[in-house]
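Encoded as C-alpha cells, the structure appears first; notes follow it.
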Amino acid sequence: MIDAGAEQAAYAGFLKTYPEYERTRVVDALRTSEYRRLDAQRHVYLDYTGGGLYAESQVREHAELLNHGVFGNPHSASVTSSGMTSLVERARRAVLTWFNAGNDYTGVFTQNATAALKQVGESYPFAPGGCYLLTFDNHNSVNGIREFARAKGASVVYAPITTPELRIDRARLSELFAQGNPSADNLFAYPAQSNFSGVTHPLDLVDEAHAAGWDVLLDAAAYVPANRLDLRAEKADFVSVSFYKMFGYPTGIGCLLVRNAALPKLRRPWFAGGTVNFATVQGRRHILAPGEAGFEDGTLNYLAIPAVEIGLRHLAAVGIETIQTRVRCLTGWLLKQLLDLRHTNGPSRGAHLRAGDDGGAWRHRDDEFLRRGRTPARLPASRGTGQPGAHLAAHRLLL
C-alpha cells in the first residue's frame, strides 16, 4: 500500500522544485476525456518514443469524415478524386504551416520517417571527393544512408559524442566541417533529439554546417512530438518527421520536408506511377513530375492523410509548449531519482540501466568506446521499432 501522506509530501516537494508543472493541468483533464482507456485498462504508458497515443476525438473525427464522404484515388480525374485531392493538399499545407515552413519548403508524404530518409539517401548526389558526416547517436535509418554514400564513392565519417553528457563534440565537429571538400557535395546528418539517449542537440548546428558549405539532413522524428521546430529559423535542407510519433494516429504516413533551394540536388534513381509526366518505352526517356509529385511513389495512403490535419489540430489544442513543459519537469525529476539510486552495499555514482529479461544493458563503461570514436553496445531493440529497448531520459511522459 502507498502511504497517502508520504505521496502528498513527495508531490508537494516535486511542485516546489517544478512549480511550472501546475500549468500543464490540461493534460490531466485530457486523460479523463480523451485517454480514458488508460485507466480502464490500468495502463501507465511510457513508450512515447516508440509511438504516441491517439486521442478518442482524433479517431472519431476521421471516422465521421470517411463515413460521410465518397473519396476516390487522387491520381484519377473525377469529382470524388478532386475532393480527395483537396483534402490531401489541405493536410500538406497544415504540415508546412505547423513547421512554419512557408513557401521555402516542399512537403513530401512518405510511408514513414524511414522512407523519407531513404529518399534523401538514394537521391543525394554523393560522389568521390564528397563526404557523408553523421553523429554516433543517429537512428539506424540515418546510419543506413552511408551505404548509398559508399556505393557512389563518397567517404563516410562519424562525429564523436562527449561523455558523460552524450552530446555532440562541437570542437571536433567544427574541425570535420572545415575538412569538407568545397568543390564536392557534402551532407551532414544528425538527430534533433537522440533516439539513443534522449539528448536534445543544438539546432544552431544547421547554420554552422551551412556556413562551412555542407547540406544538412535533420532527423526530427523524436524531437517534434514535444518540441516546436521552426523551419524559418532552422533552415535544414532535409527534415524527416513521423506523424504517429507526434499524435499517435495515423500510422503509415511520414513526411520529408525539403528546402526548395536544395530540392534540385535530389536526383531520383528511378521513377514510379504518379511521379512522372511522361515516359517512353523505346526511347528510355522520362520526365519527372515537378515538386512533391516527383517523390510520392505510387498511390498515397490518401484515406489516412486527412487524419494528419486532424492530429495537428489536436496537438495545437493541447499546446506544444504545454507538452514541452510537462516533459521537462518529469524528465528532470526522473533523472534526479536515477542519480539518487544507491547499491545496497554502498553509494554509487551512477545507475546501471537494464532492459528486458535478457539483461541487456547500457553502462557508463561505454564512455571509452565513445572517446575512441567507436559505437557503444546498445540496448536490445524493442519489437518493431528498431530503437534501443530503453532510454536514459523520459522522452514524453505525458499521461
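Rule-based calculations on the coordinates, nothing more; no lab input. Please read all numbers here as calculations on a predicted model, not as lab measurements. Reconstructed Cβ throughout: ideal geometry from the backbone, glycine too, with neighbour counts over all protein chains shown.
Numbers below:
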{"read-out": "Long-range neighbours under 8 Å by Cβ, at least six apart or interchain, first residue more than 21 Å from ASN181 (Cα to Cα) within the range 114-132, second among the aliphatic types (A, V, I, L, M) and in a helix (DSSP H, G or I)", "value": "LEU117/VAL142; LEU117/ILE145; LYS118/ILE145"}
{"read-out": "Unmet criterion (only one of (1) touching a Gly at 6+ places or on another chain (Cβ under 6 Å); (2) under 26 Å from ASN260 (Cα atoms)) for ASN138", "value": "(1)"}
{"read-out": "In the range 122-158, residue nearest to the chain's Cα centre (by Cα) [restricted to those that are of a type in the set (Gly, Ala, Ser) and farther than 17 Å from GLY213 by Cα]", "value": "SER141"}
{"read-out": "Number of the condition not met by TYR11 [criteria: (1) closer than 22 Å to ALA222 by Cα; (2) free of Cβ contacts under 8 Å to residues at least 60 places away in the same chain; (3) of a type in the set (Phe, Trp, Tyr)]", "value": "(1)"}
{"read-out": "Qualifying positions in the range 197-212 - assigned to a loop (DSSP other than H, G, I, E, B), over 13 Å from LEU134 (Cβ atoms) and of a type outside the set (A, V, I, L, M)", "value": "SER197, GLY198, PRO202, ASP204"}
{"read-out": "Candidate set from the range 295-323 (those that are small (Gly, Ala, Ser) and surrounded by fewer than 20 Cβ atoms within 10 Å (Cβ to Cβ)); member that is farthest from the chain's Cα centre (by Cα)", "value": "GLY298"}
{"read-out": "All positions within the range 132-175 that are over 30 Å from GLY50 (Cβ atoms) and surrounded by 21 or more Cβ atoms within 10 Å (Cβ to Cβ)", "value": "ALA154"}
{"read-out": "Meets criteria (touching a residue at least 12 places away in the same chain (Cβ under 8 Å), within 17 Å of PHE238 (Cβ to Cβ), out of contact with any Asp or Glu (no Cβ under 9 Å at 6 or more places or on another chain) and surrounded by fewer than 18 Cβ atoms within 10 Å (Cβ to Cβ)) for GLY102", "value": "yes"}
{"read-out": "Hits in the range 161-181 (condition: more than 17 Å from GLU208 (Cα to Cα) and of a type in the set (Val, Ile, Thr))", "value": "ILE161, THR162, THR163"}
